[in-house]
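J.: Have a look at this one.
The values are calculated or read from the model by the stated rules, or taken from the named source; none is laboratory data. Everything numeric in this text was worked out from a predicted model, so none of it was measured. Note: ideal-geometry Cβ built from the backbone for every residue, glycine included; neighbour counts use all protein chains shown.
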Amino acid sequence: MINDKIAVIGDRDTVIGFRMAGVKESTIPSNPDETREALVDYFRDPDMGLIIITEPLAKTVEKTILELSVSPVPVIVLIPDRSGSTGAYEKVLKELVRRAVGIEIDI
Amino acid sequence: MSKVLPGTKATRMELLRLKNRTKLAERGHDLLKEKRDSLIMEFFNTIAEMKEIRQQVESALAEAFSSLTQAKMIMGPARVIEFAYSSQVETRLETTTRSMMGVRVPVMSLQQDVPELPYSLPDSSVKLDIMTSKFVEALRAIVRLAEVESTVRRLALEIERTKRRVSALEAVVIPRLEATVRFIKLALEEREREDFYRIKLVKSRISERQDAE
């Protein structure tokens, strides 16, 4: 298994930062369509292991992310951008818990 | 009342076979229930861990962004971008899997190739170095988060699947087997009573004939 690539989709600062850290694939989308396109492109890459996307961008393509996160690889991770966390991931988590355990639990 | 399995013959052989099957189904049901419970426990443990790592990621990123701002202030945004896109550092992901109660979960780690001179030292500020190391740190935390998140996801899937199997056994398979066992028992008993009556009848006819002779 060679899922060794990392990709970043985010605003300019996030992308610059991770570029310095050695991430080679990156996109700075300017609208939701571009975000979706980049996401699907990275997702289709058989070498991709991890896709990092910032929460504000993730919010615009929520449906696509939910669809894609059914498959185990690559992993899609939401991270807060420089304005801080928006709590978008809590929603995803809650849905997971609800489906697994059958009841909604605040964690 | 659940349905009797179609195509059952009311024989003793079939009854024995079905009894064994019921026993097996019940044992499977107990095992699966145990599996489900321990999976759920593991699930909550992992979720707690995930929350912790999430916080680590957030604080690491906040630090990284503030050092990015500092680097930009000293070197100018355009130069930082230039350096970022010409960075020679190469980071790869190493993914293996391990098994956690029959669920394959990923184990990820970060591999970094840092050249001796990643960028022109006289042209860059020390802030750039600090920023780079901060982002690498954040990336490490993110990789850890990805690992735990996909573990949680796979556990959730496995729990769903196990739950479905448990309830299928509980609501369909076991009642159906039990109903079939009951059906065969009744049929056998009925046949026994018929036999008994038939013997009685034959006996009384024989004795009638003997009396007549």
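J.: Does region B:83-104 contain any residue that is in contact (Cβ under 8 Å) with a residue 40 or more places away in the chain, more than 8 Å from chain A (Cβ to nearest Cβ), under 30 Å from residue A:73 (Cβ atoms) and in contact with a strand residue (DSSP E or B) (Cβ under 9 Å, 6 or more places away or on another chain)?
T.: yes
J.: Further, regarding this structure: For residues that are closer than 10 Å to residue A:79 by Cα and of a type in the set (Val, Ile, Thr), scanning just region A:44-66, find the one that is farthest from the chain's Cα centre (by Cα).
T.: A:54
J.: Now for a separate question. For the structure I just gave you, tell me whether residue B:146 is under 16 Å from residue A:69 (Cβ atoms), at the interface with chain A (Cβ under 9 Å from one of its Cβ atoms), assigned to a helix (DSSP H, G or I) and more than 13 Å from the chain's Cα centre (by Cα).
T.: yes
J.: Also, quick follow-up: Given the conditions (1) buried (at least 22 other Cβ atoms within 10 Å of the Cβ); (2) out of contact with any strand residue (DSSP E or B) (no Cβ under 6 Å at 6 or more places or on another chain), which single one is not true for residue B:144?
T.: Condition (1) is where residue B:144 drops out.
J.: Determine whether residue B:110 is facing chain A (nearest Cβ under 9 Å), surrounded by 14 or more Cβ atoms within 10 Å (Cβ to Cβ) and without any contact (Cβ under 8 Å) to a residue 40 or more places away in the chain.
T.: yes
J.: Looking at the structure I just gave you, is residue A:26 polar (S, T, N, Q) and at pLDDT 85 or above?
T.: yes
J.: Also, I was wondering about something else. Considering region B:1-29 alone, what residues qualify as being touching a residue at least 40 places away in the same chain (Cβ under 8 Å) and of a type in the set (S, T, N, Q)?
T.: Hits for region B:1-29 are B:2, B:8, B:11, B:22.
J.: Sticking with this one: Could you identify the single residue in B:134, B:163 that is surrounded by 15 or more Cβ atoms within 10 Å (Cβ to Cβ) and under 30 Å from residue B:15 (Cα atoms)?
T.: Just a single option satisfies the conditions, and that option is B:163.
J.: Oh, and also: So which residues in region B:7-56 are away from chain A (no Cβ under 14 Å) and farther than 19 Å from residue B:170 by Cα, if there are any at all?
T.: B:7, B:8, B:9, B:10, B:11, B:12, B:13, B:14, B:15, B:16, B:17, listed by residue number.
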